[in-house]
Amino acid sequence: MDKDGTLIRDVPYNADPSKIELLTGVADGLRLLDSLGYAFFVITNQAGVAKGFFSEEALVDVEAKLQQLLGKSGVALSGFYYCPHHPEGAVQAYTKRCDCRKPSPGLLLKAAATYGINLGDSWMVGDILDDIEAGNRAGCKTMLIDGLGHERQKAHNGYRRPSYIADSFSEATDWIVKNTEHGKI
Ligand SMILES: [Mg+2]
Ligand SMILES: [Zn+2]
């Protein structure tokens, strides 16, 4: 799952835990998927590191806050993967082209290899088409949550075509539940 604008309210380049709020329907939706046996991984672009807005270490507290909020609903993330890079950064060490910044699928492939995840049985859930492209390139099913309709107006070609477009997190998880073969995962 993407983080900003998908699980939590999108505050651009935020690494302040006090500004992290789960979006409506996220806790209940994940609890439902948890009951089906899904494991949850965050796959997030954090170019704020490359741009010098916050340190890579700050993301430890971001993950902790997210785990804390989800934990209140009895849900845990199995992994938190971030790309700290950007091709036009301000911090030399993070300024590069990489294979982990979405729409590249590097972080999904890494999580799958580490945890033995079957990507074909997995969903990539996100709020922009870069999330969808990363998911499709990794071989996942893909869910675009586009409550405002912005991404719907763009071309959905090739890898940028979602398996399903939902208006809300709860619609997304309801669809995934309906399309999960029982006993398969
Ligand atoms: Mg997002
Ligand atoms: Zn990267």
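The values are calculated or read from the model by the stated rules, or taken from the named source; none is laboratory data. For clarity, every value in this text was computed on a predicted model and none was experimentally measured. Reconstructed Cβ throughout: ideal geometry from the backbone, glycine too, with neighbour counts over all protein chains shown. Each accessible area value is taken on the protein alone, full model and side chains, heavy atoms only, with ligands, DNA and RNA left out. Shrake-Rupley method; radii C 1.70, N 1.55, O 1.52, S 1.80 Å.
A few comments on the model shown:
- Distance violations [Cα-Cα > 27 Å] among LYS110/LYS154; LYS51/LYS72; LYS3/LYS51; LYS72/LYS178: LYS110/LYS154; LYS51/LYS72
- Averaged over its residues, the chain has an accessible area of 49 Å² per residue, based on protein heavy atoms and a 1.4 Å probe.
- Surface share of carbon and sulfur [accessible, 1.4 angstrom probe, percent] for the chain: 49
- For the range 128-185, relative contact order (Cα pairs under 8 Å, six or more residues apart, normalised by length) works out to 35 percent.
- Summarising the amide proton neighbourhood of THR44: residues at separation of 5 or more, or on other chains, whose placed amide H is nearer than 5 Å comprise TYR81, TYR82, CYS83.
- In plain terms, the chain from PHE53 to ARG161 could stretch by 35.7 nm, reckoned as 0.36 nm per residue minus the Cα-Cα distance.
- Helical mean residue ellipticity (222 nm; -39500 (n - 2.57) per DSSP H run of 4+; nearest 500) of the chain: -9000 deg cm²/dmol
- Low-density loop positions, trypsin sites (Lys or Arg not before Pro), the range 87-130 - DSSP coil, at most 10 other Cβ in 10 Å: ARG97
- Pairs of alpha carbons in the range 17-178 separated by more than 18 Å make up 62% of all such pairs.
- Rounded to the nearest Hz, the phi-derived 3J(HN,Hα) couplings of the range 170-179 under the Karplus curve 6.51 cos²θ - 1.76 cosθ + 1.60 (θ = phi - 60°) are 5, 5, 5, 6, 4, 5, 5, 4, 5, 9, where x marks glycine and proline.
- Once the Cα-Cα distance is subtracted from the 0.36 nm per residue extended length, the SER35 to ASN118 segment shows a gain of 28.1 nm.
- Contact order relative to length of the range 17-178, as percent, for alpha carbon pairs under 8 angstrom and 6 or more apart: 21
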